[in-house]
Amino acid sequence: MTSGIRDKVAIIGMGCSKFGERFDCDAQDLMLEAFSEARADAGIETSEIDAAWLGHAMPDLGMGPTATPASVALRLQNIPVTRVENACATGTEALRGAVYAVASGAARIALAIGVEKLKDTGFGGLPEFDFGPRASLFAPSMSAPGGFAQLAAAYGAKHKVNAPDLKRAMAHVSWKSHENGAVNPKAHLRRRVEMDTIMKAPMIAAPLGLFDCCGVSDGAACAIVTTPEVAAGIGKKHESVRVKALQLAVSNGVEASHSSWDGAGIITTRSAAKRAYAEAGVENPREALSLIEVHDCFSITELVTMEDLFLSEEGSAVVDVLDGFYDRDGGVPCQIDGGLKCFGHPIGASGLRMAYEVYTQLLGRAGERQIRNPTLGLTHNLGGFPHESVSGIGIFGLPGA
């Protein structure tokens, strides 16, 4: 019987580049920026790293399809370095590789790093890429805003939420993120936005307006992980964060195959969340979690995710959002750093950027945006479309939590 990875791995160092239009550097420079912070935080030498995982989803944009750019940029000591990609959950996939290597005993200290350099393309969103010949059978000419707009329509229809209430709840999601991102020096967008501006913004794919959609960005983030025993041995017993759970769920095709899926939630998120809570020993996430970072590619995604993570009851996320339950001073603060909405979405980096915020908060290092006495945090990294997705859930906590 498997026992899971709860408390078998400690994060001893993390780093995150400044996200934004980083025309002054390339992807390798961004990796070095994030890695330098993580290595200094961990207090180790590069030669102590036994293995590394690089998350990079767009090989045609600047780095190619191998892991060599990471090993060269970081001067890794001829160790195994593996490049991974799993749509927009690529950052979590890289972390999963490093964590599992340490938990299994295959590596003493491992590195996970994620990066993407997207602003050089000139696209306002993600460049076009191919999901294979079968994809067009289920979703011809699908766009990301179009796919998630359908999620909004299905959610509203299922729970009988009228359009103005749903729009206002979605606007509150975006307003909250901009309030939080305004005080984060590493965020791409650092401007507060009024609710009225969000509500009246140009429509992208009804009901999603301009401020309901995250943009793209350049950025990198990374984590250095080891066992709790090694962490204690290098003086990190009280300056490390334990991995409580790390789960991944990938669509099996049910959503796009027949009508058993109502389109109002993400099946893979629910599957990964159930397994993660079981692995971490979390019985009531609404009470147990101190903060969460979720994949807010669109405001409706964050809203629906509150129910997919079993934090809000079925059909009640709109009420919880409007009541401020997920605000910075609410019951379970969400997107304290500003989320994808304010950081943008450099695909390979986003999952690790979420973990970086949870790690920073748990260690009390978040400065102006620090919340009070957090003990347990969750990250949710979503790739693909509502009808065909991959969801990664991470739960991280202080020793003893």
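The values are calculated or read from the model by the stated rules, or taken from the named source; none is laboratory data. Note that the coordinates shown come from a computational prediction; the quantities given were computed from them, not determined experimentally. All Cβ positions, even for glycine, are placed from backbone atoms using ideal geometry, and neighbour counts span all protein chains on display. Accessible surface is based on the protein model in full, side chains and every heavy atom, while ligands, DNA and RNA are left aside. Shrake-Rupley method; radii C 1.70, N 1.55, O 1.52, S 1.80 Å.
Candidates 101, 112, 152: the one that is closer than 30 Å to residue 25 by Cα, modelled with pLDDT of 95 or more and buried (at least 23 other Cβ atoms within 10 Å of the Cβ) is 112.
For residue 45, the criteria (1) crowded, with 20+ Cβ neighbours inside 10 Å; (2) modelled with pLDDT of 95 or more; (3) in contact with a helix residue (DSSP H, G or I) (Cβ under 9 Å, 6 or more places away or on another chain) hold in every case but one, which is (1). Among the residues of the stretch 368-382, which ones are in contact with a helix residue (DSSP H, G or I) (Cβ under 9 Å, 6 or more places away or on another chain) and open to solvent by 50 Å² or more (accessible area, probe 1.4 Å)? 375, the sole residue that qualifies. Residue 66 satisfies every condition listed in (1) among the hydroxyl-bearing types (Ser, Thr, Tyr); (2) under 19 Å from residue 27 (Cβ atoms); (3) modelled with pLDDT of 95 or more; (4) not in a strand (DSSP E or B) except (3).
The single condition among (1) within 17 Å of residue 358 (Cα to Cα); (2) open to solvent by 20 Å² or more (accessible area, probe 1.4 Å); (3) touching a helix residue (DSSP H, G or I) at 6+ places or on another chain (Cβ under 9 Å) that residue 240 does not meet is (2).
Pairs meeting the criteria (first residue in the stretch 160-172 and assigned to a helix (DSSP H, G or I), second residue open to solvent by 30 Å² or more (accessible area, probe 1.4 Å), beta carbons under 6 Å, at least 6 apart or on different chains) are 167/207; 169/322; 171/195; 171/199; 172/322. Looking across the stretch 251-281, the residues that are touching a helix residue (DSSP H, G or I) at 6+ places or on another chain (Cβ under 7 Å) and open to solvent by less than 20 Å² (accessible area, probe 1.4 Å) come down to 255, 263, 264, 265, 266, 269, 273, 277. Filtering the stretch 189-234 to residues that are open to solvent by 70 Å² or more (accessible area, probe 1.4 Å), over 24 Å from residue 353 (Cβ atoms) and touching a residue at least 40 places away in the same chain (Cβ under 8 Å) leaves only 206. For the stretch 353-366, the set of residues classified as open to solvent by 30 Å² or more (accessible area, probe 1.4 Å) and either among the basic types (Lys, Arg) or modelled with pLDDT under 95 (or both) consists of 365 only.
Only one of these is of a type in the set (A, V, I, L, M, F, W, C), at pLDDT 95 or above and more than 26 Å from residue 371 (Cα to Cα): 248, 303, 311. Name it.
Working: 303 fails: more than 26 Å from residue 371 (Cα to Cα); 311 fails: more than 26 Å from residue 371 (Cα to Cα).
Of the residues listed, the single one that is of a type in the set (A, V, I, L, M, F, W, C), at pLDDT 95 or above and more than 26 Å from residue 371 (Cα to Cα) is 248.
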